[in-house]
Amino acid sequence: MGDADAKKSEAANGEEIPMDGSIQGFESLHRLLEASLKPEIFKEVSRLLIGLNCGRPLERIALPESVGTLSSSHDFDIQAFQFHAEKEVMRQPQIVRVGLIQNSIALLTTAPFPDQKKAILQKLKPMIDAAGMSGVNILCLQEAWMMPFAFCTREKRWCEFAETVDGESTLFLQDLARKYNMVIVSPILERDINHGETIWNTAVIIGNQGNIIGKHRKNHIPRVGDFNESTYYMEGNTGHPVFETAYGKIAVNICYGRHHPLNWLAFGLNGAEIVFNPSATVGELSEPMWPIEARNAAIANSFFVGSINRVGTEVFPNPFTSGDGKPQHADFGHFYGSSHFSAPDASCTPSLSHYRDGLLISDMDLNLCRQIKDKWGFRMTARYELYAETLSQYLKPDFTPQVIVDPLLKK
């Protein structure tokens, strides 16, 4: 991480710009563009890159000094922004403070498994404390946060990290949820002891009083190169649940589900106001998609999206192959972080770093969800009956695509 964090580019004016995808790098580039371009051109470039929230740029949130001290002493970034909604006559603002945590693993994958688990709990504790001290109402952690993302290896020994929904990580987070009156979304590798010890990729939703509200199991399982995760778990069986919490209606679209528009749609149809996308994905595979898919989902479904990706390169003891003709290797590639929030009005926050652990915080007025529905009418103008008919026909073995052939092509 040290070499990567040191990547910089020197602008013509002598300012060093961090080339790590961080918010600091974004803001340095922002200043450079502002100085280099005509004001009207700069304003237009900024509008297209990150959008405008209710017609104006996002505002920063001032956090307590103690939070900054905590982030410095434990070496993680912390950034905070605010999404507004228009003032309404009949409704008060529904402002909720939401947090995302991205992080690298705490020990090498060769360390004993109990030590790895203990170390990641110790590493995450200050970051969760920082969220709680900042007044975060809902916090989401990254996919399989309690372990290395070992699913590329296809070695069954990593199943030892699987735990029950009320297991070690949940007990750890329940205390913090109660302490900070905070809802916590905890994506884990679940061991379902009631169904033959089946393994699932699961998000546990812990209420602000420390109770378990429910769980959701990952709907879509990748079979793409190293990400052949069906060695460990299969498609989930929990549908598209939306969890009504003390602070709003939330859902969890785990990782690969972000590539499936109908998955996002179903959470929206069930009333989600915020959908989290805890992920683990590497640059070579998906980075061009990363800033597009969640933002598009927020627009199309009139909800907020919190996108989280882990950080770092995780090297495993035994090399593995991907079935793609490439030589055997011992790592996935670089998990590029870049966690961010997207809003239904097409605005988004800058992303966290490509290389550094971080906590991203956002205030969001949930009134914006209905306001955008009223403005664009996507839900009202959708033709669900047509989509349902097409899907019902598609599922039949004798399905024939609706293609009208030019009769002159046959002459």
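Could you sort out which of Lys43/Lys123; Lys215/Lys326; Lys156/Lys326; Lys118/Lys156; Lys43/Lys179 sit more than 32 Å apart by Cα distance in this structure?
Values: Lys43/Lys123 40 Å; Lys215/Lys326 37 Å; Lys156/Lys326 23 Å; Lys118/Lys156 21 Å; Lys43/Lys179 43 Å.
Beyond 32 Å: Lys43/Lys123; Lys215/Lys326; Lys43/Lys179.
What ranking of Phe243, Phe276 emerges when the number of other C-beta atoms within 10 Å of each C-beta is taken as an exposure proxy, fewest first?
Values: Phe243 20, Phe276 29.
Taking fewest neighbouring Cβ atoms as first place, the list is Phe243, Phe276.
Using the 10 angstrom Cβ neighbour count as an exposure proxy, how do Lys43, Lys123, Lys156, Lys218 rank, fewest first? Mind dumping the intermediate values first?
Numbers: Lys43 14, Lys123 18, Lys156 10, Lys218 26.
Least crowded to most crowded, the residues run Lys156, Lys43, Lys123, Lys218.
Take every Cα pair under 8 Å in the chain that's 6+ residues apart, average their separations, divide by the length, and report that relative contact order as a whole percent.
Details: 821 pairs, mean separation 80.6, N = 411.
Relative contact order of the chain: 20 percent.
Could you please state, rounded to a whole Å, how far the C-alpha centre of the range 314-350 is from the C-alpha centre of the range 63-105?
25 Å
Here are labelled values, (i) 181; (ii) 145; (iii) 208, and one is the computed volume of the Cα convex hull per residue in Å³ for what I pasted. Which one?
Calculated volume of the Cα convex hull per residue in Å³: the matching label is (iii).
Neighbouring Cβ atoms within 10 Å as the yardstick, rank Leu124, Leu48, Leu141, Leu70 fewest first.
Listed from fewest to most nearby Cβ atoms, that is Leu48, Leu70, Leu124, Leu141.
State which helices in the chain qualify, where a helix is a whole DSSP H run, it must extend 27 Å or more along its own axis by its Cα atoms, and its mean Kyte-Doolittle hydropathy must be at least -1.0. Please list the in-between numbers first.
Working: long enough: 113-133 (30 Å, -0.22).
Answer set is 113-133.
Please work out how much length the chain gains when fully extended from Glu287 to Asn194, using 0.36 nm per residue of separation minus the C-alpha to C-alpha distance, in nm with one decimal. Present the calculation step by step, with values, prior to reporting the outcome.
Working: separation 93, 0.36 × 93 = 33.48 nm, distance 3.80 nm.
Length gained, Glu287 through Asn194: 29.7 nm.
What does the helix-only formula give at 222 nm for the chain: each DSSP H stretch with n ≥ 4 adding -39500 (n - 2.57), the total divided by the residues, and the result rounded to the nearest 500 deg cm²/dmol?
Details: 12 runs with 123 residues, N = 411.
Computed ellipticity for the chain at 222 nm equals -9000 deg cm²/dmol.
Among all stretches of the chain without exposed GluC sites (Glu not before Pro) (DSSP loop, at most 16 other Cβ atoms within 10 Å), which one is longest?
Values: sites that count: Glu15, Glu86, Glu88, Glu155, Glu197, Glu235.
So the longest stretch without any such site is 236-411.
Lys and Arg at +1, Asp and Glu at -1: add these up for the other residues within a Cβ distance under 12 Å of Ser279 and post the number. Show your work: numbers first, answer last.
On the way: positive: Lys218, Arg258, Arg310; negative: Glu143, Glu287, Glu293.
Taking every other residue near Ser279 into account, the sum is 0.
No lab work stands behind these numbers, since they all come straight from the coordinates. For clarity, every value in this text was computed on a predicted model and none was experimentally measured. Positions of Cβ are generated from backbone atoms using ideal geometry, with glycine treated the same way; all protein chains shown enter the neighbour counts.
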